[in-house]
Amino acid sequence: MADTIDVIGAVAAKPAGAPEGGRPKGSGFARYLVTKLVAAAISFLVTLVIGFVLFSLMPADPVQSITRGRPTSDAQMARLRHQLGLDQSVPERFFHFVTDTLTGHLGTSWEFQQPVSSLIGDRLWPTLLLMGTATVISVLLGLWLGVRSGWRHGSWLDRIVTGASLTLWSVPTFWLGMILLITFSVGIGPFPGFLPAGGMSDPAITGGLDHVVDVAKHLVLPCLTMVLVVFAQYVSVMRSSIIDELGSPYLLTARAKGLRDDDVRRRHAVPNALLPSVTMIFMHLGTVLGGAITVETVYSWPGLGQLSYQALKVPDLPLLQGTFIVFSASVILMNLLADVVYRFLDPRVRAQ
Amino acid sequence: MTTSTPLRRTGRKAAALTASLLLGTAAGLVAAPAASADDGGGTLRMPITGIGIDSLNPFLAYFAGSLDVFSGIYPALDRVEQDGTVKPYLADSWTTSSDKLTWTFKIHKGLKWSDGKPITAEDAAWTFNLIMKNSTAATANGSLVGNFASVSAPDATTLVVKTKKPQATMLSVSIPVSGIPIVPKHIWESHVKDLKNYKNDSFPIVGYGPWTLTDYKPEQYVKFDANKDFLLGAPKYAHMIQQAFKNTDAAVAALRSGQLDYVSGLNPTQYQALRSQSGVKAFEQVGNRWNGIEVNGGARTRDGKKIGTGHPALGDVKVREALALAIDRATIVKRVRDGLAQVGASYLPPSLPQYAWQPSGSEKFGYDPAKADSVLDAAGYKKGSDGIRVDPKSKRKLEFRLGIHSDDDADAKVSTYLAGWFKEIGVKVDIQSMSSSKLNADLAKGDWDILMDSWSTGPDPTYLLGIQTCAALPDSKGEGGSTDSFFCDKDYDDLFLRQQSAFDDKQRADLLRRMQAILYKANENIMIYNANGLAAYRTDRVNGIVAGKADSTGAFPAQNSFDQYLDATPAKASSSSSGSGSGTVIGVSVTVVVVLAAGGVFLARRRSSSDDRE
């Protein structure tokens, strides 16, 4: 494979690369990194503005939502309005929002009356645990199945894998979640349930290994639901890129060298076909923090998706803006990482 | 060639990682006990009430889940049973002065906070005074002490409350769940400065009540230990756990599989499904909530300035009367609530039988579309060529917006029925589904015609009646106010004032009924049904969680969570871990399957590579 890519790389690099061939490699990368960093910073600022505008335009009265059903006097409501800064003008609020964000203050949630950063902090790890595990498993499973079914496309394995993954991909997540929950937690017919119905742990189980095992048990169903719904993406992208590579002459060369079919696939076809999947993995990693609202709701998982949904209902602007910042920052960061990793994976990018 | 090696190695590592994860999980299924670890005395498990807990700081929290927790861990002056009887709690007895302005409470001697310090009248006085003087402390319960002039504790067992005006509802000010929780002064004194940011999260929380809060994880769970020395009798369970469930279907699944003992707030479908489940008892309780529609009879500010975009025809009481006559409430009860509700009429729900009012035969707006038609005809609303009536004054068609809550399944169903029935009498409605926050914001601005609405109430209905007074209208700038329908009536307001100082229960009940009669005639709040509360518990785990006797329709009296958790007793049956045996079997078989599958894949790969090798 290395030979092939070098050839392509050399061809692509010649026009641009030849005149400045003598430049040291490091400075090129530094400049590349700086451009990307600046671009990321700009996109972050733009999303900040968009976020603020969007949420400020939301037609709702948070004070009414928060106090509804509780005996609240006029004076209390007026005080609350003042406390929440709702009596300030929009430019004033925007100024506070930008300065607070840039100095790292995410404000206080209206609904929970706690610092937004601590609310997000509390829910960050559960989301990372669930989405991280689910992403790792679905990437591995999806790529592995995609390679197999693409390599022998049209075979029974291909047909089963493609059919099953696309069917699961089109199933509504909450529906699949409910079905799995009923099946494995309550049990069906003679088969009793054996997995917990919701939450992240059994509060009665404390301490060390028991707790870890208990969390793992609680993780199974939400994670399974996520994986089943999501892995199809990787299967189809990987499958089609492998099929694209099938006719390539370098594979013929590899076979002519006498390599086994497995080795041709693993060492030559897969690395070349992997690039579109890498893009997708990073795009997906960016949205990991956003969590999966539906899965978190079905399984009562105490994550960030659930938190932003709750914030949206009031609407709890500081909390919404806080989660929005965290979500967009993670997407931007992952895109930045993808750009950097790409340079190492694909010599063509390096050469540009 | 060189770049492929690391890739391959990571691939293998990742595969190994996945396999070990899977195996680890499977092993976990076998190793972990299916039932909760128990140290004797039992654990009562239920979901956290409502949409959760917003804060553990009792001066700030609004959510029902928080109020439920506070009722278990902080004391109150007295208790009010659902039927209105007042019972002692921290206060053994109380007296009022002849001018009804001074209340003297005798606080029970010898009680101790969970850290061993004595509970005195000073704790109660300090709590009330803080709420009266510190605006942050007034966040949640400020309005309850709005009429207090002063509170003092002349000695350890005497609490004196002076009010500005006589207050008949004094004994509802500090009660479990809906009243003010009393906190230990020696703990909270040092947090007054930073009250806004104080999370009250050093466990166990120092308090007094049937329970002591020992642990809390946001959005996950709250854990309690029983207080064995509780004044009103120790809880029968040693522990209580409330778990966060973000949807009732999952909570129902947890009840069915034995992970929870009690679930409330069921919908009719869940209730019917649980009725046929063995080992589970599903029960109805009389509803403490009304569901109905608000009609915008003319949104205005407190000083009479018209605001909003309400349809002018709805200002005519005849139009509103016709709407009330066009609703077939019995059909909605049957079709939407599966019969698990009462046909609505009175503004106060049937859970308060001492106050609830029923219209007499001649006053009643029953289902009578022919009468509705004739009422509109007589008032001059003629049908146009399209069958829609026209307002003779504004020349506008009787086309109304009907706002419904987008997250409420019942709203969607009821509004479809309403649209059909209204159409029959020549009234068109445009169903607009929106978020609760948008709906409430529109309501406050008067930008609505008809809204679907629902309210519940605890034992003291003052607040629910208060949102119908003229004082609840927005101020001259169109801001503030907590009005629910822009209803404003002088006679109603007079009665509201009189009931506040009506110290005789019978007299007060009579005033409340007259207020409801006024509301009923105005038809700005048209009641449709009172949904029965639906709940279920595991009979193999818990007894005594339901109090009282079922009425002729099979509905129990409305239950009070404070008493329910206190009275619940572990069931004798020892089959509490029925799931564990089969759980282990399944766990083992899953592990076996995983191991076999892994082995199979490994062998297959070996064989395929050896094929290639040959």
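The values are calculated or read from the model by the stated rules, or taken from the named source; none is laboratory data. For clarity, every value in this text was computed on a predicted model and none was experimentally measured. Quick reminder, even Gly has a Cβ in these numbers, built from the backbone with ideal geometry, and neighbours come from all protein chains shown. When the accessible area is computed, the model is the full protein with side chains, heavy atoms only, and any ligands, DNA or RNA have been set aside. Shrake-Rupley method; radii C 1.70, N 1.55, O 1.52, S 1.80 Å.
Listing for the model above:
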quantity: Radius of gyration and maximum dimension Dmax of the stretch A:57-132, Cα, Å; calculated: 15.3, 47
quantity: Ellipsoid semi-axes in whole angstrom, largest first, where each is sqrt(5λ) of the Cα gyration tensor of the stretch B:355-421; calculated: 25, 22, 11
quantity: Candidates A:Ala197, A:Ala164, A:Ala134, ranked by Gaussian network fluctuation over chain A, Cα under 10 Å, top entry; calculated: A:Ala164
quantity: Isolated Cys residues of the protein assembly as shown, judged by Cβ distance under 4.7 Å to other cysteines; calculated: A:Cys223
quantity: Förster radius 30 Å - calculated FRET efficiency between B:Gln358 and B:Asp505, Cβ distance, rounded to 0.05; calculated: 0.95
quantity: Cα-Cα over 25 Å, subset of B:Lys165/B:Lys521; B:Lys196/B:Lys477; B:Lys246/B:Lys438; B:Lys112/B:Lys199; B:Lys305/B:Lys490; calculated: B:Lys165/B:Lys521; B:Lys196/B:Lys477
quantity: Candidate lysines - alpha carbon under 16 Å from B:Lys397, same-chain residues fewer than 8 apart omitted; calculated: B:Lys318, B:Lys382, B:Lys383, B:Lys423, B:Lys428
quantity: By accessible area with a 1.4 Å probe, ligands and nucleic acids excluded, highest first: order of B:Ser178, A:Ser328; calculated: B:Ser178, A:Ser328
quantity: Protein accessible area in the stretch B:251-297, 1.4 Å probe - carbon and sulfur %; calculated: 37 percent
quantity: Average beta carbon contacts from partner chains per residue of B:549-559, 10 Å cutoff; calculated: 0
quantity: Ellipsoid equivalent to the stretch B:147-189 - semi-axes via the Cα gyration tensor, in Å; calculated: 20, 16, 9
quantity: Calculated [θ] (222 nm, deg cm²/dmol) that DSSP helices of n ≥ 4 give over chain A, each run adding -39,500 (n - 2.57); calculated: -24000 deg cm²/dmol
quantity: Contact order relative to length of the stretch B:424-482, as percent, for alpha carbon pairs under 8 angstrom and 6 or more apart; calculated: 25 percent
quantity: Inter-label distance for B:Asp407 and A:Val171, nm, one decimal - labels placed 7 Å from Cα along Cα-to-Cβ; calculated: 2.7 nm
quantity: Packing-based ranking, highest mean first, of B:257-267, A:268-278 given that Cβ atoms within 10 Å are counted; calculated: B:257-267, A:268-278
quantity: Descending semi-axes in whole angstrom, ellipsoid equivalent of the stretch A:195-307, from the Cα gyration tensor; calculated: 41, 17, 10
quantity: Percentage, to the nearest whole number, of Cα pairs in the protein assembly as shown over 40 Å apart; calculated: 51 percent
quantity: Calculated log₁₀ intensity ratio I(q)/I(0) where the Debye formula runs over C-alpha points of chain B, q = 0.11, 0.12 Å⁻¹; calculated: -1.13, -1.28
quantity: C-alpha long axis of helix A:270-287 to longest principal axis of chain A, angle in °; calculated: 0 degrees
quantity: Sequence of B:Cys488, A:Cys223 from largest to smallest accessible area, 1.4 Å probe; calculated: B:Cys488, A:Cys223
quantity: Spatially proximal aspartates and glutamates relative to A:Lys217 (Cα-Cα < 17 Å; intrachain offsets below 8 disregarded); calculated: A:Asp202, A:Glu296
quantity: Over 31 Å (Cα to Cα) - which of A:Lys313/B:Lys236; B:Lys228/B:Lys506; B:Lys364/B:Lys506; A:Lys313/B:Lys185 fall in this group; calculated: A:Lys313/B:Lys236; B:Lys228/B:Lys506; A:Lys313/B:Lys185
quantity: For chain B, share of DSSP beta bridges that run antiparallel, in % to the nearest 5; calculated: 80 percent
quantity: Carbon plus sulfur fraction of accessible area for the stretch A:93-154, probe 1.4 Å, in percent; calculated: 70 percent
quantity: Computed log₁₀ I(q)/I(0) - Debye formula, equal Cα scatterers, no solvent, the stretch A:115-188, q 0.19, 0.21, 0.26, 0.27 Å⁻¹; calculated: -0.97, -1.03, -1.11, -1.12
quantity: Peptide A:255-263, shielding by other chains (average Cβ, 10 Å cutoff); calculated: 2
quantity: MRE, 222 nm, helices only [DSSP H, n ≥ 4, -39500 (n - 2.57), over chain B, to nearest 500]; calculated: -10500 deg cm²/dmol
quantity: Chain pair B, A: total accessible area buried, heavy atoms, 1.4 Å probe, Å²; calculated: 6700 Å²
quantity: Reachable aspartates and glutamates, given that their alpha-carbon falls under 17 Å from the alpha-carbon of B:Lys334 and they are not under 8 places away in the same chain; calculated: B:Glu284, B:Asp409, B:Asp411
quantity: Inter-chain shielding of B:129-139 (mean C-beta neighbours from other protein chains, 10 Å cut-off); calculated: 2
